[in-house]
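Notes follow once the structure below has been shown.
Read-outs throughout are calculated quantities, based only on the coordinates presented, and are distinct from any laboratory measurement. Treat the numbers as computed from the prediction; the structure is a model and nothing was measured. When we count neighbours, we look across all protein chains shown, and the Cβ atoms used for this are built from the backbone with ideal geometry, even at glycine.
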Amino acid sequence: MRSINKVIIIGNVTRDPEIKQTVNQTPIATFGIATNRDWMTRNGEHHTSSEFHEVVAWSKLADICSKYIRKGKLIYIEGYLKTRSWDTPEGVKKFRTEIVVNDLIMLDKRAPGETDHALQMSEHMGHGSSEDMNMEPMPEEMAEANS
């Protein structure tokens, strides 16, 4: 039976990307995104709920994130969920679920009268990605386009 692991979110960047490199010098960018959900109850009360997501971008997409993504920017992210685990020095097993980015569009907040501007960056994951932060990602077809 088929399954799907796909995430699409639009939210605000909560911190500037942190850039690291694998042992093979492949760049990795990690940053956070906040999404909000608003709703009204039957008796008219307004509620808001925020979710905070950890995001990871690899290779050329990580380089692009380091140049253009900043705290507060509104961005569209498409990717998949990946859960990693590790043991702390004290022997405690830790888990972290992240969104691995395949596609990213920076959405400019525009002033009245301005036209839409968006910068789109794509990474087509033809062969998958690394299994953990210490391994080189497998070869991937990558593209960058401006719209």
Seminar exercise, completed: Highest mean packing first, using Cβ neighbours within 10 angstrom, the peptides 69-82, 44-57 sort as 69-82, 44-57
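Based only on other Cβ atoms within 10 Å, what is the fewest-to-most ordering of VAL100, VAL92?
VAL92, VAL100
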Exercise. What distance in nm separates the simple spin-label points at LYS67 and GLN25, each placed 7 Å from Cα in the Cβ direction?
Worked result: 1.8
Exercise. If amide H atoms are built 1.01 Å from N in the plane of the peptide, which residues on other chains or at least 5 residues away come under 5 Å of the amide H of THR14?
Worked result: GLY32, ILE33, ALA34, GLY72
Exercise. What order do you get for PHE95, PHE31 when you list them from fewest to most C-beta neighbours inside 10 Å?
Worked result: PHE95, PHE31
Seminar exercise, completed: So ARG2 and ILE105, fully extended at 0.36 nm per residue minus their Cα-Cα distance, gain in nm 34.3 nm
